[in-house]
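J.: First the structure, then my questions, so here it is.
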Amino acid sequence: MTVRTRFPPSPTGMLHIGSARTALFNWLYARKLGGTFILRIEDTDLERSTEDAVQIIFEGMAWLGLDYDEGPYYQTRRFDRYREVIGQMLAAGTAYHCYCSREEIEAMRTTAMARGDKPRYDGRCRQRSGPPPAGIAPVVRFRNPTDGEVVVEDRIHGMVRFANRELDDLIIARSDGSPTYNFTVVVDDMDMAITHVIRGDDHLNNTPRQLNILAALGAPLPVYAHVPMILGPDGKKLSKRHGAVSVMQYRDEGFLPEALLNYLVRMGWAHGDDEIFSIAEMIDKFDIAALNKSAAAVNPDKLLWLNQHYIKTLAPDSVGQRLRRHLADAGVDWSAGPPIAAVVEALRERARTLVEMADACRYFYVEPRAYEDKAARAHLGSDSAPVLADLRERLAAVEPWTREAIHAAVAAVAAQRDLKLGKVAQPLRVALTGGTVSPPIDVTCALIGREGVSGRLDRALVYIRNSLKP
Ligand code: GLU
């Protein structure tokens, strides 16, 4: 049997990280077993679905690298097919027309509740015979079995039993003919020959209804695995008030997709005590049987830790590619500066996010507009002027412009003036970057370039001269 999994988001807003996680699990399972991963856009809720939200789903999937083999299918383009199946079910008697009015349904509910039962449809149109009442557009209901039970053999929760008498006859088509949610899912899962459904356990209550309809259609039943929700740090369902919940927001905050995927896979799945998984390792090790029963809570520190790990260990070029968007957001023009990959290499030990990195690397591309107050007071005083003047002269003559040669020139100035290296490097650093924190001074100089270094030293000397004027 070829494994066929699906990701069926409803395009009603952002791509939530909980959805991204179920997409990931389905993708991993298909990739692991050489199966097929299908993208299906569940856009039948015309009022809430938007084209923008569809684009956000595509963008998020592409950013995460979750590629699909089939689709995107759109439910709104399959209405003829849903109508066809409804016709077949009506003909087979597994569905029937219901002409009850809203008031009648309301009355049934009140009666049921007065008896202490759950509010439900009492099935009165099941046995209707004779001509249909005039002037009423009926809904179509599924003829749910009335006795026995449906057992969801869930791979995470085990056997979950539902008594059929608790499930009333679901409306599968509204009076305008449009199909309802649980029905379209069933027809799609059947037509797309889905073998494994991994989804949030907020759908567990839909599953017995879907199983009954699948059985009525004679369709093979998929394997189900309902994953627990992702919770906020306070143990409540994750929502916007806990911070970022949308995949794109994580991208915008400077996280790498590798880090987010690694973070998501560990929410609800474990492989021993391992924390770091490359994509290849996830595919290799992922197993539905190892999905957790208990809910996972977000842990922002862990995500930062993972992000830093990937910033440090991925190829600088690949991190650099992703840094560009953040440089652009920060208004940094990198075209005339050092190669981005070299900047990544210089800064990757310090930055936890690409936003931090974009912010920290600004001085490689743009001359600092001002010196930090404290740094200038400590390092750009009168006694720094001769040191900076020496550096200006020696660095201008460095040939070739390499880290080693730059280091030798700075060390020579220190030796000549009998100063510790730091006493020379720190004024130089402030002159070049405006502050006291940067990679090793030879690396910093090498990246800024000879011309940039000379120009910035000239300006620091002017600054010192001016600040000494009475
Ligand atoms: N469209 C549903 C959702 O976004 C998915 C349902 C399913 O996985 O069956 O929650």
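Please treat every number below as a calculation from the coordinates, not as lab data. What you see is a predicted model; the values in this text were computed from it and never measured. Cβ placement follows ideal geometry from the backbone for every residue including glycine, while neighbour counts extend to all protein chains displayed.
J.: So, counting K/R as plus one and D/E as minus one, what does the shell of residues with Cβ under 13 Å around N144 add up to?
T.: 0
J.: Let me ask another. For K285, give me every one of the lysines with a C-alpha distance below 18 angstrom, ignoring sequence neighbours fewer than eight places off in its own chain.
T.: Output for K285: K32.
J.: Also, I was wondering about something else. Going by how many other beta carbons lie within 10 Å of each one, how would you line up T207, T111, fewest first?
T.: The fewest-first ordering by Cβ neighbours comes to T111, T207.
J.: Follow-up question, since we're still on this one. Which percent, to the nearest 5, of DSSP beta bridges fully inside the chain are antiparallel?
T.: Taking every DSSP beta bridge with both residues in the chain, the antiparallel ones total about 50 percent.
J.: Simple spin-label model, 7 Å along Cα-to-Cβ: V223 to D301 in nm?
T.: Simple spin-label model gives 3.7 nm for this pair.
J.: Sticking with this structure for a sec: Reachable aspartates and glutamates from K420, Cα under 16 Å, same-chain residues fewer than 8 places away excluded?
T.: Output for K420: D383, D390, D442.
J.: What shape does the range 1-82 have by the C-alpha gyration tensor, where a ≥ b ≥ c are the square roots of the eigenvalues, rounded means a/c under 1.5, and otherwise prolate means a/b greater than b/c and oblate the rest?
T.: oblate
J.: Give the residue from Y82, Y96, Y68 lying farthest towards the positive end of the charge dipole for the range 36-99; charges sit on Cβ (+1 for Lys and Arg, -1 for Asp and Glu) and the dipole is referred to the Cα centre.
T.: Y96
J.: Through the Karplus equation 6.51 cos²θ - 1.76 cosθ + 1.60, θ set to phi - 60°, convert the phi angles of the range 159-175 into ³J(HN,Hα) values in whole Hz; use x for Gly and Pro.
T.: Once rounded to whole Hz, the list reads 6, 10, 9, 10, 6, 4, 5, 7, 9, 7, 6, 5, 6, 9, 9, 6, 5.
J.: Might you list the cysteines of the chain that have no disulfide-compatible partner by the rule of another cysteine's Cβ under 4.7 Å?
T.: That list is C100, C361, C445.
J.: Where the centroid of each part is defined by its Cα atoms, how far is the range 195-218 from the range 121-164 in Å?
T.: If you average the Cα positions of each part, the centres end up 14 Å apart.
J.: Okay, next question. Along the charge dipole of the chain, which of N206, L421, P316 sits closest to the positive end, that is, farthest toward it, with unit charges on the beta carbon of Lys, Arg, Asp and Glu (+1, +1, -1, -1)?
T.: Looking along the dipole axis, the top candidate is L421.
J.: With a/c under 1.5 counting as rounded, go ahead and sort the range 227-292 into rounded, prolate or oblate using the C-alpha gyration tensor (a ≥ b ≥ c being the square roots of the eigenvalues; past the cut-off, prolate if a/b is larger than b/c, else oblate).
T.: oblate
J.: Still on this structure, I have one more. Within a 10 angstrom radius of the beta carbon, how do C361, C100 rank from fewest other beta carbons to most? Before the final figure, lay out the partial values.
T.: Values: C361 27, C100 19.
Listing C361, C100 from fewest to most nearby Cβ atoms yields C100, C361.
J.: Ranking W269, W305 by Cβ neighbours within 10 Å, fewest first, what do you get?
T.: The fewest-first ordering by Cβ neighbours comes to W305, W269.
J.: In whole Hz, with x marking every Gly and Pro, tabulate ³J(HN,Hα) for the range 17-27 from phi via Karplus 6.51 cos²θ - 1.76 cosθ + 1.60, θ = phi - 60°.
T.: 5, x, 5, 4, 5, 5, 4, 4, 4, 5, 5
J.: Quote the charge dipole size of the chain about the Cα centre in Debye, to the nearest 20; the model charges only the Cβ of Lys and Arg (+1) and of Asp and Glu (-1).
T.: 720
J.: Enter the Cα centre distance for the pair the range 69-117 and the range 313-371, rounded to the nearest angstrom.
T.: Centre-to-centre (Cα) distance: 56 Å.
J.: Give me the distance in nm between label points sitting 7 Å out from Cα along the Cα-to-Cβ direction at D67 and R459, one decimal.
T.: Those two pseudo-labels are separated by 4.5 nm.
J.: While we're on this one: Compute the Cα gyration tensor for the chain, then decide on rounded, prolate or oblate, letting a ≥ b ≥ c be the square roots of its eigenvalues: rounded whenever a/c is under 1.5, prolate when a/b is larger than b/c in the other cases, and oblate in all that remain.
T.: It is prolate, given that a/c is not under 1.5 and a/b is the larger ratio.
J.: Place +1 on the Cβ of every Lys and Arg and -1 on the Cβ of every Asp and Glu in the chain, take the dipole about the Cα centre, and give the residue among T44, Y365, Y224 whose Cα lies farthest towards its positive end.
T.: Farthest towards the positive end: Y365.
J.: With respect to the cross-link table entries K240/K312; K374/K423; K312/K374, which display a Cα-Cα separation exceeding 19 Å?
T.: K240/K312; K312/K374
J.: What 222 nm value per residue comes from the helices of the chain, counting each DSSP H run with n ≥ 4 as -39,500 (n - 2.57) and dividing by all residues, nearest 500 deg cm²/dmol?
T.: Estimated from H runs of four or more residues: -14500 deg cm²/dmol.
J.: Below 14 angstrom from the Cβ of P222, what's the summed charge of the other residues (Lys, Arg +1; Asp, Glu -1)?
T.: Once all neighbours under 14 Å are counted, the net charge is 0.
J.: Compute the distance from the alpha-carbon center of the range 2-66 to that of the range 381-450, in whole Å.
T.: The range 2-66 and the range 381-450 have Cα centres spaced 53 Å from each other.
J.: Let me ask another. If the reach is capped at under 30 angstrom between alpha carbons, list the lysines near K118, excluding any in the same chain fewer than eight residues apart.
T.: Here the lysines satisfying the reach criterion relative to K118 are K236, K237, K293.
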